[in-house]
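> Here it is: the structure, laid out below.
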Amino acid sequence: MKKVVITAVALGAVLCVAVFFFAVYRLTGFVTGRRAFQQGYAAMERGEYKKAIPFFTDSAQKPSAPAWRAAALVDRGYCYFRLDQRDKGDKAIPDFTAALQLKPDAFAFEERAFAYEQAGRSDLAFADYEKALQLDPNLAAVWYHKGVYYENAGNYQMARTAFREAIRSFPDYADAYVESGYSSGRLHDRDGAISSFDAAIQINPESANAFSARGVFRLEEQQYDSAIADLTKAIALAPKTKRHSYARAIAYEDTKRYSNAIEDFTRVLELDPRDELAWQRRGMTYRRLKDYPRALADFTELIKLTQSADAYNDRARTYAMTGQYPLALADYEEVRQTARGAVKSQSKSMAWFLATCPDPAFRDGAKAVKQATKACEDSRWKNSGKLDTLAAAKAEVGKFDEAISYEQKAIALLSKDSEMGKQFDSRLALYQAHKPFRDEIGR
């Protein structure tokens, strides 16, 4: 009996020692883990994300309460996501997920959503936005990104609601006012759009984005002088953002201030020499000014960049306008051979050339009819320009009754204020007089 008591006492002592050392181990781990977390947090606050990560890793591996480990994982994920590396999302998302398994947290859901967005997984991002807002309905950035999700989906009513929630959560959220204004514009709420843009500018008078958004909206409203003023301010605030200059170039184009438009397109190309639309629009603007050599040079650069059917067609049309018919025909043929998207784009343009070229050596009415018919079929006979081309082709082969019918159908598809109306009416009169149309533009 005495031996049993002694044995029990010994086992109890061993157990007490084990418990003591385990407690010391846990306490030491907790203390060192917390210290590592604090060191990581301090580095993170200084923007030293790479330096912070080992501290958070150490903290997450130490024995501690789930909340501490979750916090270390969230902050390590935050650091991974803000490092400039391709796999940042692959490393951040597992950390956020592990943290959320330990402790549901609005910030962790928010950060994982941002990482999902970066990875192109917007559906998962949206689900996390919803979860974050269930835990904290006052997360302005989450409401903002939720609005962007709706905006990208074309649901402008829900987008505007989300942006207004972002503003409710953070009344000085200038970017949320900008996006709310954009959504209001898409909902045809002009007053709502302008008031939102005005509020954004009042909050942040140095916001190029706000001035640009209001300028683009005014451009769509054809308030050209106001649009140009806003876009000029945006360019002054952010001279290296090409979209501001591009939008102002469009405003100048629409008001026939072509030299100004060319200056802005040139600025865009200085910022991005591979901007395809800027090459095309500047080439078209040069052509309107009858500066054909520069127009041809721009279309040639566009062909080098894209090998697109539109680029070849634009250069072919310019060659035709300057009477360089062999070069025009060569470009139209090149479309058939090499250009991307050749079939639908090429049929109408080449058909027009074959039907209306002033030089009879380059006209081929039968071929024009075939290609123009194909173009009309591709558009289900709903494109006024293609019907106009088919009418010209029919006139070239002497089928004037059919030419008249197709031209009338083309006219019926035009809007009342279309600039093409007079040209179509003029061609209709020619066909009624049994005369074909000859394209003399540029001569």
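The values are calculated or read from the model by the stated rules, or taken from the named source; none is laboratory data. All of these numbers come straight from a predicted model, not from anything done at the bench. Here Cβ is always computed from backbone atoms with ideal geometry, including for glycine, and neighbour counts include all displayed protein chains. Just so you know, the surface numbers come from the protein's heavy atoms only, side chains and all, with ligands and any DNA or RNA stripped out. Shrake-Rupley method; radii C 1.70, N 1.55, O 1.52, S 1.80 Å.
> Can you find even one residue in region 417-426 that is touching a residue at least 40 places away in the same chain (Cβ under 8 Å), open to solvent by less than 30 Å² (accessible area, probe 1.4 Å) and within 23 Å of Met321 (Cα to Cα)?
Within region 417-426, one or more residues are touching a residue at least 40 places away in the same chain (Cβ under 8 Å), open to solvent by less than 30 Å² (accessible area, probe 1.4 Å) and within 23 Å of Met321 (Cα to Cα).
> Take the conditions more than 21 Å from Arg281 (Cα to Cα), hydrophobic (A, V, I, L, M, F, W, C), touching a Phe, Trp or Tyr at 6+ places or on another chain (Cβ under 6 Å) and assigned to a helix (DSSP H, G or I) and apply them to Leu354. Does it pass?
no
> Which condition number does Ala355 fail, the rest of (1) over 29 Å from Glu402 (Cα atoms); (2) of a type in the set (A, V, I, L, M); (3) modelled with pLDDT of 95 or more being met?
Among (1) over 29 Å from Glu402 (Cα atoms); (2) of a type in the set (A, V, I, L, M); (3) modelled with pLDDT of 95 or more, the lone unmet condition for Ala355 is (1).
> Also, quick follow-up: Can you pull out every residue in region 302-323 that is open to solvent by 20 Å² or more (accessible area, probe 1.4 Å) and either in contact with a Leu (Cβ under 9 Å, 6 or more places away or on another chain) or among the basic types (Lys, Arg) (or both)?
Hits for region 302-323 are Lys304, Ser308, Asp310, Asp314, Arg315, Arg317, Tyr319, Thr322.
> Here's something else I'd like to know. Which of the residues that make up region 258-288 are among the hydrophobic types (A, V, I, L, M, F, W, C) and surrounded by 14 or more Cβ atoms within 10 Å (Cβ to Cβ)?
Going residue by residue through region 258-288, those that are among the hydrophobic types (A, V, I, L, M, F, W, C) are 261-262, 265, 268-269, 271, 277-279, 284.
Passing the criteria: Ala261, Ile262, Phe265, Val268, Leu269, Leu271, Ala278, Trp279, Met284.
> Based on what the data block shows, is Ser405 more than 30 Å from Thr306 (Cα to Cα), of a type in the set (S, T, N, Q), surrounded by fewer than 19 Cβ atoms within 10 Å (Cβ to Cβ) and at pLDDT 95 or above?
Numbers: more than 30 Å from Thr306 (Cα to Cα): yes; of a type in the set (S, T, N, Q): yes; surrounded by fewer than 19 Cβ atoms within 10 Å (Cβ to Cβ): yes; at pLDDT 95 or above: yes.
Answer is yes for this residue.
> Continuing with this model, one more query. For region 357-373, give me each residue that is under 26 Å from Gln324 (Cβ atoms) and part of a helix (DSSP H, G or I).
Across region 357-373, the qualifying residues are Pro360, Ala361, Phe362, Gly365, Ala366, Lys367, Ala368, Val369, Lys370, Gln371, Ala372.
> Right, here's the next one. Which is at pLDDT 95 or above, out of contact with any His (no Cβ under 8 Å at 6 or more places or on another chain) and either within 21 Å of Met321 (Cα to Cα) or not acidic (Asp, Glu) (or both), of Leu387, Leu414?
Exactly one residue qualifies, and that residue is Leu387.
> How many residues are among the polar types (S, T, N, Q) and not in a helix (DSSP H, G or I) when one looks only at region 398-427?
So the count comes out to 2.
> Ala429: among the small types (Gly, Ala, Ser), at pLDDT 95 or above and surrounded by fewer than 23 Cβ atoms within 10 Å (Cβ to Cβ), yes or no?
Yes.
> If you check Ala132 against the conditions, is it buried (at least 18 other Cβ atoms within 10 Å of the Cβ), within 23 Å of Arg76 (Cα to Cα) and among the hydrophobic types (A, V, I, L, M, F, W, C)? If you could, list the steps in order and put the result at the bottom.
On the way: buried (at least 18 other Cβ atoms within 10 Å of the Cβ): yes; within 23 Å of Arg76 (Cα to Cα): yes; among the hydrophobic types (A, V, I, L, M, F, W, C): yes.
So Ala132 fits the description; yes.
> Follow-up question, since we're still on this one. Restricting to region 379-397, name every residue that is touching a helix residue (DSSP H, G or I) at 6+ places or on another chain (Cβ under 8 Å) and not in a helix (DSSP H, G or I).
Selection gives Ser379, Trp381, Lys382, Asn383, Val397.
> Right, here's the next one. Are there any pairs with C-beta distances below 8 angstrom linking a residue in region 163-179 that is under 17 Å from Glu130 (Cβ atoms) to a residue that is crowded, with 24+ Cβ neighbours inside 10 Å and of a type in the set (Phe, Trp, Tyr), with the two at least 6 apart or on different chains, and if so which?
Phe163/Trp143; Phe163/Tyr177; Glu165/Trp143; Ala166/Trp143; Ser169/Trp143
> Which condition number in (1) in a helix (DSSP H, G or I); (2) over 21 Å from Asp128 (Cβ atoms); (3) at pLDDT below 85 is the one that Phe55 fails?
(3)
> Take region 156-191 and flag every residue that is of a type in the set (S, T, N, Q), over 22 Å from Phe109 (Cα atoms) and open to solvent by less than 60 Å² (accessible area, probe 1.4 Å).
If the condition is that a residue be of a type in the set (S, T, N, Q), over 22 Å from Phe109 (Cα atoms) and open to solvent by less than 60 Å² (accessible area, probe 1.4 Å), then Ser180, Ser183, Ser184 are the ones that fit.
> Can you spot a residue in region 336-352 that is open to solvent by 50 Å² or more (accessible area, probe 1.4 Å) and over 27 Å from Ser308 (Cα atoms)? Break it down into steps so the answer makes sense when it comes.
Of the residues in region 336-352, the ones open to solvent by 50 Å² or more (accessible area, probe 1.4 Å) are 336-338, 340-341, 343-344, 348.
So of that shortlist, the ones also over 27 Å from Ser308 (Cα atoms) come out as none.
Within region 336-352 (the criterion being open to solvent by 50 Å² or more (accessible area, probe 1.4 Å) and over 27 Å from Ser308 (Cα atoms)), the answer is no, since none of the residues qualifies.
> Within region 71-81, can one find any residue that is at negative phi and either surrounded by fewer than 19 Cβ atoms within 10 Å (Cβ to Cβ) or modelled with pLDDT under 85 (or both)?
No, that holds for no residue.
> Kindly indicate the residue of region 432-443 that is exposed (fewer than 13 other Cβ atoms within 10 Å of the Cβ) and touching a Pro at 6+ places or on another chain (Cβ under 9 Å) and also nearest to Lys374 (Cα to Cα) among those meeting that condition.
Across region 432-443, the extreme among qualifying residues is Glu440.
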